[in-house]
There are 2 protein chains.
Amino acid sequence: MSPDSDALIRQYRTATATLTVTSGGAPLAGQEVVVAQRDHAFLFGCTGFEFIPLANGELTAAPEAGPDGGSGSLGEADITRVERIADLWLDLFNFATLPFYWGRFEPERGRPDTRRLLATARWFAERGCLVKGHPLAWHTVSAEWLTELTNPEITQVQLDRIRREVTDFAGLIDTWDVINEVVIMPIFDKYDNGLTRICRDLGRIPLVRMVFDAAREANPGATLLLNDFDMSAAYECLIEGVLEAGIRIDALGLQSHMHQGYWGEEKTLGIVDRFARYGLPIHFTETTLLSGHLMPADIVDLNDYQVPEWPSTPEGEERQADEIVRHYKTLLSHPSVRASTYWGMVDGGWLGAPGGFVRADGTPKPSYEALRALVRDEWWLAPTRLGTDEQGRVGFTGFLGEYEVSAGGRTATFRLAEPGAAAVEVAL
Amino acid sequence: MSPDSDALIRQYRTATATLTVTSGGAPLAGQEVVVAQRDHAFLFGCTGFEFIPLANGELTAAPEAGPDGGSGSLGEADITRVERIADLWLDLFNFATLPFYWGRFEPERGRPDTRRLLATARWFAERGCLVKGHPLAWHTVSAEWLTELTNPEITQVQLDRIRREVTDFAGLIDTWDVINEVVIMPIFDKYDNGLTRICRDLGRIPLVRMVFDAAREANPGATLLLNDFDMSAAYECLIEGVLEAGIRIDALGLQSHMHQGYWGEEKTLGIVDRFARYGLPIHFTETTLLSGHLMPADIVDLNDYQVPEWPSTPEGEERQADEIVRHYKTLLSHPSVRASTYWGMVDGGWLGAPGGFVRADGTPKPSYEALRALVRDEWWLAPTRLGTDEQGRVGFTGFLGEYEVSAGGRTATFRLAEPGAAAVEVAL
């Protein structure tokens with residue numbers, strides 16, 4: 001990381017609070033209170049696909065042959081192992097991405113997998129996580145039955161689909177990757193699909209407008225993202241066109257699958273700077289860093305790389321842990337980045353790559369411990385005893401997020417929302 | 001070329017005319033007339049930078065030390081050699097691109113090179129050529145004195161500059177590459193310049209709107225182009241954003257410098273198809289094909305390739321001739337392409353590359369003869385004797401463009417403007 005990333009992180013991510021504690025309308029003077037952080041404002045995210053069977057009680061019923069959530073690695077595992085991985089997940093992350101790939105969510109027209117996804121979203125919400133749905137429109141893993149329709153029909157069912165999901169999940173999922181990879185969508189030529197057809201027909205910007213309008217109408221308070229893997233000027237041009245056209249985007253999603261090697265601080269910050277120009281919050285939506293050999297640099301479409309085995313190695317795990325720390329420190333050192341979602345808790349997900357924080361046998365890697373040391377230690381205020389002054393005040397510095405203060409068996413919560421000096425008053 | 005490119009060229013580029021010739025109000029029945037093509041509708045273009053000294057009479061005055069037109073190769077040549085090259089140029093092309101690089105056109109603020117460029121534009125116009133100015137706004141070869149100004153001042157002088165040139169040259173130059181390489185403009189990082197500053201500040205689309213509005217206001221009848229070298233989805237996204245924003249573009253400029261090898265028919269047509277989706281005329285604005293060794297494929301910015309000598313070779317010249325034929329046949333086989341400008345008549349221009357139709361010693365290469373065989377023979381109607389029927393009619397098929405018909409010492413002109421069957425009546 002740059003030598004001053006720690007200083008920038010403190011500048012952009014922490015508040016120095018003066019907390020005034022009152023009780024019965026009077027300052028709680030000269031007392032011992034305990035202040036503790038409850039959550040981060042920064043969204044430390046990860047995919048939660050693996051926990052669909054657990055959240056739906058499917059592992060208990062059929063531990064050896066339960067349906068999986070799309071990633072394939074945990075459906076056949078025993079419940080104890082999945083629960084242990086879930087504990088690791090919940091001990092590190094506060095933001096879950098759930099799968100809404102149309103071709104898997106509604107493989108047969110009219111029979112969407114709403115019930116199971118609702119149960120999973122609720123499972124995460126009950127455990128204090130914000131939940132995001134990914135994606136509502138994409139040319140890959142799109143419903144195959146779309147190709148039997150005319151273009152106006154595809155457009156209609158796409159918009160109906162968005163309204164249905166955003167309405168059905170409102171309150172549990174209020175953050176959506178509305179449309180994915182629009183830069184390539186109209187010229188995607190690997191196989192025929194409904195989304196490429198309508199994007200070529202309508203044009204990128206009119207399609208973006210339609211899908212955002214449909215999502216916004218269904219849930220006006222939702223946080224709606226445009227998401228892409230293309231970090232070139234193409235995505236800039238798309239964003240500028242979309243914003244010039246008056247379409248409201250709440251956050252820009254940047255993918256960062258690094259199967260071909262860690263980007264490094266300079267490239268990462270260069271990308272963030274380019275996309276921060278639009279004044280919108282930036283979410284790193286899909287991050288992967290490997291703990292095994294890297295994918296050769298000449299592979300253009302990552303899906304083209306097929307290997308029978310892709311093991312995690314001790315050297316790879318040390319490198320991954322180092323890169324995880326550098327990557328997260330880089331992201332938090334830039335004020336525009338509000339979220340970072342890791343793509344796959346466990347090895348063997350997409351492409352079979354060793355990209356997880358957890359090995360295939362369920363044990364955590366050094367990268368897990370390294371990120372946890374940041375998120376729950378270096379960047380975290382553990383329960384801390386402080387004595388109030390004669391005005392009932394205590395002072396402390398903490399990372400932005402939710403806090404609680406306790407004294408005499410009573411507890412109140414408060415939030416540090418903005419960096420810098422903060423004056424907060426809470427009544428116990 | 002694709003096996004049916006010749007058939008497609010006939011379909012999109014020729015008309016089968018029924019020409020009725022009258023004289024004194026009556027059909028000129030049973031007479032011999034001569035029909036001859038005078039010009040192509042298709043714009044066969046080339047840069048005309050080399051002829052600025054010739055057009056300004058500077059070679060006569062100081063043959064050994066005359067100022068050059070920016071390309072550097074002909075200013076020191078003797079007038080006979082330059083005139084011979086001009087004859088070759090005029091015998092092949094009908095469309096000249098002249099240089100308006102701001103840093104060369106107005107190196108000292110307030111002293112633009114208007115007079116010499118006006119003389120050159122007139123020289124080409126008097127010889128029957130359409131003339132285009134290139135470019136009015138670009139971050140490369142921009143005026144260095146811009147960097148001493150504030151961003152609002154740069155914007156103002158850029159717009160003033162556009163209005164001045166477009167006004168001064170109206171009637172001689174009514175076709176302009178208004179802005180060049182906008183995709184990379186705001187993130188260009190090789191050196192500081194005024195255009196990158198204001199493009200980053202204003203955003204691509206607002207800047208495009210401003211420069212097009214200024215040019216349109218100065219010459220409402222002009223043909224105004226957006227031009228780029230980026231053939232990726234980035235340029236598509238830029239175009240879609242610009243069109244969605246309601247900015248009128250008259251033609252899309254696609255560069256095609258092929259220093260790293262001929263694109264081939266499939267890639268070329270794939271690109272044309274992608275950019276033809278917008279329903280706008282397409283101009284191939286900057287084409288180069290080499291008759292020497294190719295630039296290595298790993299060079300990203302062509303300007304980075306510097307070699308002391310880059311000779312034209314006999315094998316290279318045969319390959320270039322073959323590729324020239326294939327390239328022009330490919331372009332004419334697609335109805336959206338309206339112009340193709342070759343970048344440098346003579347070897348040793350940009351990058352010192354052997355990309356010309358003419359060797360450094362002034363002799364034409366096989367590529368020149370090959371293109372001339374298409375433009376003035378295979379795709380050309382030489383003076384042809386035809387006998388009119390009793391209604392004064394003759395029939396013939398010819399490439400779209402200007403024609404003349406003569407009989408009894410009188411001549412009239414007519415135009416074949418659209419492919420397919422055409423009924424034309426002319427009075428002699």
> Taking θ as phi - 60°, what are the ³J(HN,Hα) couplings along region B:217-223 by the Karplus curve (6.51, -1.76, 1.60), each to the nearest whole Hz, with x for Gly and Pro?
Replying inline: 5, 6, 8, x, x, 6, 9
> Which of the lysines could be linked to residue B:190 by a straight reach, that is with a Cα gap under 19 Å, when you skip same-chain ones fewer than 8 residues away?
Replying inline: A:267
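For region B:91-176, what is the per residue volume of the convex hull drawn over the alpha-carbon atoms, in cubic angstrom?
Here the figure is 87 Å³ per residue.
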>> With the crude spin-label approximation of a point 7 Å out along Cα→Cβ, what separation in nm comes out for residue A:11 versus residue A:127?
In response: 3.7 nm
>> With 10 angstrom as the radius, rank B:188, A:124 by how many other C-beta atoms surround their C-beta, starting from the fewest.
In response: B:188, A:124
> Based on the Cβ-Cβ distance from residue B:36 to residue B:265, what FRET efficiency comes out when R0 is 30 Å, to the nearest 0.05?
Replying inline: 0.40
>> Show me the chymotrypsin sites (Phe, Trp or Tyr not before Pro) within region A:243-337 that DSSP assigns to loop and that have at most 14 other Cβ atoms within 10 Å of their Cβ.
In response: none
> Within chain B, which cysteines find no other Cys whose Cβ is under 4.7 angstrom from their own?
Replying inline: B:46, B:129, B:199
>> Please report the residue of chain A with the smallest beta-carbon distance to the A-to-B rotation axis, and give that distance in Å, no decimals.
In response: A:241, 1
> For residue B:365, which lysines qualify as cross-link partners when the Cα separation must be under 24 Å and same-chain residues fewer than eight apart are set aside?
Replying inline: B:329
>> Within 12 Å, Cβ to Cβ, of residue B:14, how many net charges do the neighbouring residues add up to if Lys/Arg are +1 and Asp/Glu are -1?
In response: -1
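Between residue A:360 and residue A:83, what length comes free when the chain is fully extended (0.36 nm per residue of separation minus the Cα-Cα distance, one decimal in nm)? Walk me through the numbers before you get to the answer.
Working: separation 277, 0.36 × 277 = 99.72 nm, distance 1.42 nm.
My answer for the length gained is 98.3 nm.
Among B:414, B:100, A:95, which comes first, second and so on when ranked by fewest other beta-carbon atoms within 10 Å?
Working: B:414 18, B:100 27, A:95 22.
Lowest to highest Cβ neighbour count: B:414, A:95, B:100.
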> From the label point of residue B:265, set 7 Å along Cα to the beta carbon, how far off in nm is each other copy's matching point, shortest first?
Replying inline: 5.4
> Once the principal axes of the Cα atoms of region B:247-347 are found, what is the range along each, listed largest first in whole angstroms?
Replying inline: 44, 27, 24
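Looking only at Cα atoms, what is the convex hull volume of region A:87-242 per residue, in Å³?
Working: hull volume 19.0 nm³, N = 156.
It is 122 Å³ per residue.
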>> Which log10 I(q)/I(0) values does region A:339-428 give at q = 0.13, 0.17, 0.22, 0.23 Å⁻¹ under the Debye formula, counting every alpha carbon as one identical point scatterer?
In response: -0.64, -0.83, -1.10, -1.17
>> Give the residue list of GluC sites (Glu not before Pro) in region B:308-408 that are DSSP loop and have at most 13 other beta-carbon atoms within 10 angstrom.
In response: B:309, B:390
>> Per 0.36 nm of contour for each residue apart, how much would the distance between residue A:29 and residue A:115 grow if the chain were fully extended, relative to their Cα-Cα spacing?
In response: 25.8 nm
>> How high is the relative contact order of chain A? Use alpha-carbon pairs under 8 Å, at least six apart in sequence, and give a whole percent.
In response: 28 percent
>> Normalised radius of gyration for region B:220-305, please: alpha carbon Rg relative to 2.2 N^0.38 Å, two decimal places.
In response: 1.21
> Cα centroids of region B:357-428 and region A:103-168: how far apart, whole angstrom?
Replying inline: 61 Å
> Could you put A:248, A:359, A:161 in order, starting from the residue whose Cβ has the fewest other Cβ atoms within 10 Å?
Replying inline: A:248, A:359, A:161
> What does the protein assembly as shown give for Rg and for Dmax, in Å, if only its C-alpha atoms count?
Replying inline: 33.7, 121
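Roughly how crowded by other chains is peptide B:199-210, in terms of the mean Cβ count from those chains within 10 Å of each of its Cβ atoms? Write out the running numbers ahead of the final one.
On the way: counts 0, 2, 1, 0, 7, 6, 6, 2, 0, 1, 1, 0.
Going residue by residue through B:199-210 and averaging, the value is 2.
What is the diffusion coefficient of chain B in µm²/s, taking the Kirkwood radius over Cα pairs and the Stokes-Einstein relation at 10 °C with a viscosity of 1.306 mPa s?
Numbers: Rh = 23.0 Å.
The diffusion coefficient I find is 69 µm²/s.
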> Antiparallel as a % of all DSSP beta bridges within chain A, to the nearest 5?
Replying inline: 40 percent
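Around residue B:244, with a cut-off of 14 angstrom between Cβ atoms, what is the net charge of the other residues, counting Lys and Arg +1 and Asp and Glu -1?
Details: positive: A:204, A:209, B:204, B:209, B:248, B:277; negative: A:240, A:244, B:236, B:240.
Its environment carries a net charge of +2.
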> In nm, to one decimal, how far is the residue B:306 label point from the residue A:4 one, both placed 7 Å along Cα→Cβ?
Replying inline: 3.4 nm
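What FRET efficiency, computed as 1/(1 + (r/R0)^6) with R0 = 22 Å and r the Cβ-Cβ distance, is obtained for residue B:192 and residue B:160, rounded to the nearest 0.05?
Values: r = 22 Å, r/R0 = 0.98.
Using R0 = 22 Å, I get an efficiency of 0.55.
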> Can you work out ³J(HN,Hα) from phi for every residue in region B:224-234, in order, using Karplus 6.51 cos²θ - 1.76 cosθ + 1.60 and θ = phi - 60°, giving whole Hz and x for Gly and Pro?
Replying inline: 10, 10, 9, 10, 8, 9, 7, 8, 7, 4, 4
>> Run the label-point distances for residue B:384 please: 7 Å along Cα to Cβ, every other copy, nanometres, shortest first.
In response: 9.2
> Per-residue HN-Hα couplings for region A:202-210, Karplus 6.51 cos²θ - 1.76 cosθ + 1.60 at θ = phi - 60°, whole Hz, x for Gly and Pro?
Replying inline: 7, x, 4, 5, x, 5, 4, 4, 4
> Using modelled amide H (1.01 Å from N, peptide plane; none on Pro or chain starts), what sits under 5 Å from the amide H of residue B:22, excluding residues fewer than 5 places away?
Replying inline: B:28, B:426, B:427, B:428
> If the label for residue B:335 sits 7 angstrom from Cα along the Cα-to-Cβ line, what are its distances to the same label in every other copy, in nm to one decimal, shortest first?
Replying inline: 5.5
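Taken together, the values in this text are just the output of simple stated rules run on the coordinates, not laboratory data. This one's a predicted model, so the numbers in the text were calculated from it and none came from an experiment. Neighbour counts run over all protein chains shown; Cβ positions are idealised from the backbone, glycine included.
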